[in-house]
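Below is one structure, written out as structure tokens; comments come after it.
The values are calculated or read from the model by the stated rules, or taken from the named source; none is laboratory data. All figures in this text were calculated on a predicted structure; none of them were measured in a lab. Neighbour counts are summed over all protein chains in view; Cβ atoms, including those assigned to glycine, are modelled from backbone coordinates with ideal geometry.
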Amino acid sequence: MTQAMTNKNQTGFTLWFTGLSGAGKSTISNILEKKFRELGLKIEILDGDIVRTHLSKGLGFSKEDRDTNIRRIGYVASLLSRNGVIAVTAAISPYLGVRQEVREMHENFVEVYAKCPLEVLEKRDVKGLYKKARAGEIAQFTGVSDPYEEPANAEVVVETNKETPEESASKIINWLTEHGYIEA
């Protein structure tokens, strides 16, 4: 268990979001970033889409490439968190095994499952990806033509079809406060 954080003596941790495309991982991460900065805390977001552009350019979507991408994100997050930064990751990270590997890289790791039924995500289809996946235009699309392995024991589960992004962010902040990761 970590000691509560203050700006002068911030203990880093990784807040690892997992969930299907469109479940709200990035949206909630951005809300948390604002709230953490208001508290004077150091935070970095490692968004899956952005990391793929810079850190994992050239990787495809095979299981091996996805695992490599998640290991890279996990490694960077572990460096940040051990140096007193809150590392927030927002990546689908579909496979249990590699998420467990990443958990083991960290001293302070909090998994957040952005849970939302596939049928709701397909109706939202913010980026039009589900429609393309169903039409066969995107191969190996998580939740449609590639598996997503739900976390069995995430520290926090936010149900983004039932909660607003702000409610989900508050739920996470409450959990972090109750468990001594932050002082709110």
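Miscellaneous remarks
- Scanning the range 42-99 for residues that are in contact with a helix residue (DSSP H, G or I) (Cβ under 7 Å, 6 or more places away or on another chain), among the polar types (S, T, N, Q) and more than 20 Å from Val112 (Cβ to Cβ) yields a count of 1.
- Tallying residues that are over 19 Å from Ile45 (Cα atoms) and more than 13 Å from the chain's Cα centre (by Cα) within the range 96-136 yields 27.
- Every residue from the range 93-120 that is surrounded by 19 or more Cβ atoms within 10 Å (Cβ to Cβ) and under 12 Å from Glu149 (Cα atoms): Ser93, Pro94, Tyr95, Val98, Arg99, Tyr113, Lys115
- Counting only residues that are modelled with pLDDT under 95 and either on the phi > 0 side of the Ramachandran plot or of a type in the set (Lys, Arg) (or both), the range 8-21 holds 1 of them.
- Sub-8 Å Cβ pairs linking a first residue in the range 161-182 that is crowded, with 18+ Cβ neighbours inside 10 Å to a second residue that is small (Gly, Ala, Ser), at least 6 apart or interchain, are Pro165/Gly24; Ser168/Gly24; Ser168/Ala114; Ile173/Ala184; Leu176/Ala184; Tyr181/Ala4; Ile182/Ala4, ordered by first then second residue.
- Conditions (1) closer than 25 Å to Glu183 by Cα; (2) of a type in the set (Lys, Arg); (3) crowded, with 19+ Cβ neighbours inside 10 Å; number of the one not met by Arg66: (1)
- Selection within the range 61-79 - of a type outside the set (Ser, Thr, Tyr) and within 15 Å of the chain's Cα centre (by Cα): Arg66, Asp67, Asn69, Ile70, Arg71, Arg72, Ile73, Gly74, Val76, Ala77
- Taking every residue in the range 147-158 that is free of Cβ contacts under 8 Å to residues at least 60 places away in the same chain and pairing it with any residue that is aromatic (Phe, Trp, Tyr) and assigned to a loop (DSSP other than H, G, I, E, B), at least 6 positions away or on another chain, the pairs with Cβ-Cβ distances below 9 Å are Pro147/Tyr95; Glu149/Tyr95.
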